[in-house]
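Visitor: Submitted below is the structure of interest, expressed as structure tokens.
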Amino acid sequence: MTGFGRGSADAGERRLRLEIRSVNHRGLDLKIRSSEPDAYCDAEIARAVRAAVERGAITVQIRDESAAGSAGLDEARVKALHEVLERLRQELEIEEPVTLATVGAFWEASSSAGLSGEALWEALRPAVAAALEELGAMRAREGAALAADLGARRARLVELAASLRARAAVLPARFAQRLQERLASQVGIAWTELGSTERSPAREGAGTLPGVPRLIDPARLAQEVALMAERLDVAEELVRLETHLGHLAEILKAGGAVGRKLDFVIQEVGRELNTIASKAQDAEMAALVIDAKAELEKLREQAQNVE
């Protein structure tokens with residue numbers, strides 16, 4: 001999820017600005033950038049960020065605003081520093097004059113020698129808290145929009161799952177019909193024509209017509225239909241699919257850091273759709289699965305933006 005937050009703090013004689021940026025990432029990738037890194041302070045900032053954010057590429061930028069531009073230059077302090085350096089030059093009998101470059105070098109050293117370690121962290125703590133609060137508010141607004149979109153896509157998957165169940169219910173009967181029609185065509189007689197032919201009780205019991213061999217044993221036909229119905233049965237897969245979609249709804253309502261849970265459930269939904277497509281062996285079922293997988297892929301892409 002994307003977001004931005006900022007905060008400012010006075011650290012000794014320095015005015016520090018802290019900015020935190022967040023962009024989408026599968027895990028937590030944290031980078032802390034500062035012109036003067038401090039190991040203790042960086043560790044505390046990282047701990048605070050990890051406590052507030054579980055997912056995303058996070059960049060923490062610390063800038064020293066006290067050195068930006070001449071408006072923040074303390075002329076009195078510069079003159080005082082020059083006087084001290086000049087006095088030391090004379091006492092030490094150094095021939096080289098005290099230049100502005102020398103004064104600037106000592107100014108930078110004295111400014112950098114301000115707060116550090118635990119003291120620097122205590123000064124920065126309010127700025128970090130303010131930046132994380134602003135970042136969290138922005139991410140929460142984006143999360144609400146994402147939740148609405150994810151909910152709509154899950155609802156579409158529920159509709160497609162219902163269509164798959166309805167189509168799966170008629171597959172055995174359709175297979176039996178196709179099998180009968182294929183067998184009838186192989187002996188040159190349509191099944192409907194055979195059913196409308198005038199039959200005598202003797203012929204009806206034998207199941208044949210004059211000059212036509214027996215088409216199929218009804219018991220064998222029933223056995224083939226039963227075997228194919230078992231192979232086409234996707235009831236278990238549909239139950240698991242509907243269960244996973246229900247779990248998605250619960251996760252979206254739960255709130256919080258649910259990105260990883262969404263990834264796992266979406267993966268399971270895709271697995272069930274693949275199994276249904278391979279077992280059903282039906283063009284309409286395959287088309288429904290394709291639509292469901294296209295919707296699932298959009299849901300997967302959006303889930304990558306969720307913490």
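Visitor: Among residues belonging to segment 263-294 that are acidic (Asp, Glu) and under 13 Å from Ala161 (Cβ atoms), point out the one that is surrounded by the fewest Cβ atoms within 10 Å (Cβ to Cβ).
Guide: Step by step, filter segment 263-294, then rank; the result is Asp291.
Visitor: Next question, about the same structure. Taking the condition of being crowded, with 19+ Cβ neighbours inside 10 Å and of a type outside the set (A, V, I, L, M), how many residues in segment 154-164 meet it?
Guide: The number of residues fulfilling the criteria is 1.
Visitor: Just need a number here: residues in segment 215-248 that are modelled with pLDDT of 70 or more and either touching a Leu at 6+ places or on another chain (Cβ under 7 Å) or surrounded by 15 or more Cβ atoms within 10 Å (Cβ to Cβ) (or both).
Guide: 11
Visitor: Follow-up question, since we're still on this one. Among the numbered conditions (1) modelled with pLDDT of 80 or more; (2) within 58 Å of the chain's Cα centre (by Cα); (3) surrounded by 11 or more Cβ atoms within 10 Å (Cβ to Cβ), tell me where Asp74 comes up short.
Guide: (1)
Visitor: Considering segment 2-44 alone, what residues qualify as being hydrophobic (A, V, I, L, M, F, W, C) and in contact with a strand residue (DSSP E or B) (Cβ under 6 Å, 6 or more places away or on another chain)?
Guide: Here is the first cut: in segment 2-44, the ones hydrophobic (A, V, I, L, M, F, W, C) are 4, 9, 11, 16, 18, 20, 23, 28, 30, 32, 39, 41, 43.
Phe4, Ala9, Leu16, Leu18, Ile20, Val23, Leu30, Ile32 - these are the residues of segment 2-44 that are hydrophobic (A, V, I, L, M, F, W, C) and in contact with a strand residue (DSSP E or B) (Cβ under 6 Å, 6 or more places away or on another chain).
Visitor: Within segment 18-43, take every residue that is of a type in the set (D, E, K, R) and within 15 Å of the chain's Cα centre (by Cα) and give me the one that is modelled with the lowest pLDDT.
Guide: Arg26
The values are calculated or read from the model by the stated rules, or taken from the named source; none is laboratory data. What you are looking at is a predicted structure, and each value in this text was computed from that prediction instead of being measured. As a convention, Cβ positions derive from the backbone with ideal geometry for all residues, glycine included, and neighbour counts pool all protein chains shown.
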